[in-house]
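The values are calculated or read from the model by the stated rules, or taken from the named source; none is laboratory data. These numbers were taken from a predicted model, which means no experiment stands behind them. We place every Cβ from the backbone using ideal geometry, glycine too, and count neighbours over all the protein chains shown.
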Amino acid sequence: MKQRENGFTLIELIAVLAILAILASAVIPNVANEVTTAIAQAEDQSLASIHKALDEFIIDMHVIPGTAVGQWDTSIAVYLSIPASQISSNNTGGGRRLIMRASNDLGAPPYNQSALFAATGLPQEAMASGALPRAMPLQSRMVLISNIEGDAPTDILTNDQFDAVWQQAGDFPVGFAMTNKLRIERISFVRFFHAVTVSCSSVVNAPQWSIDSAAPKTLNV
């Protein structure tokens, strides 16, 4: 009897390729999902670092920066020791965007407490004039959004839409749902503000809120 020559027949090769194709169809999506998840987790860490740097800037400067590119990113770049372009863009070439709630108890950013004091002359005068918030600024919030695959959404959010994005529930614009491709860091500034009480002829024991703690002030005016 003639011995079979080494090697595979065409039918055997087709069978092997079919098995490999089946295995690939099962493995490749899982690998892709794991890669996407890893990228999302890395971006979460980057956003947390940006958040921390923003906190440090606010504590040092008593300023909540504006949300336009060239404002918030340049303000905190020195705290991260990287170019501002690496703050406004993520590591995959996508865009990041900082959005403040429209009604935020502080007015349109930037909120510059030092400038409010300078405009009136003294911190006490700033408080007496009502330049500081008259109530705890509970709505002083921002969201930092990062699109891993492209530009960050540019929609202008209403208060209700901002709250929905913050809570990830309710009616918010398309493109603001948090996924592995869109990451969101929530930022609240409430913890920075401390009550300061002013007593004078025009403002009697009226609590106002400042980005630092201070003893009650009494003005003889």
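Couple of notes before you dig in:
- Of all residues in segment 136-162, exactly one satisfies the criterion of being farther than 23 Å from S49 by Cα, acidic (D, E) and either touching a residue at least 40 places away in the same chain (Cβ under 8 Å) or in contact with a Pro (Cβ under 8 Å, 6 or more places away or on another chain) (or both), namely D155.
- Within segment 175-221, considering residues that are modelled with pLDDT under 90 and hydroxyl-bearing (S, T, Y), the one nearest to the chain's Cα centre (by Cα): S210
- In the set A68, A102, A77, only one residue is under 16 Å from the mean Cα position of the chain (by Cα), aliphatic (A, V, I, L, M) and under 18 Å from I184 (Cβ atoms); that residue is A102.
- Helices (runs of 4 or more DSSP H) wholly inside segment 58-166 that include at least 1 residues being at pLDDT 95 or above and polar (S, T, N, Q): 72-80, 85-88
- Unmet requirement for I59, which otherwise passes all of (1) exposed (fewer than 14 other Cβ atoms within 10 Å of the Cβ); (2) of a type in the set (A, V, I, L, M, F, W, C); (3) closer than 29 Å to T179 by Cβ: (3)
- Enumeration of residues in segment 156-183 that are surrounded by fewer than 18 Cβ atoms within 10 Å (Cβ to Cβ) and either in contact with a Cys (Cβ under 8 Å, 6 or more places away or on another chain) or within 30 Å of A115 (Cα to Cα) (or both): I156, T158, N159, D163
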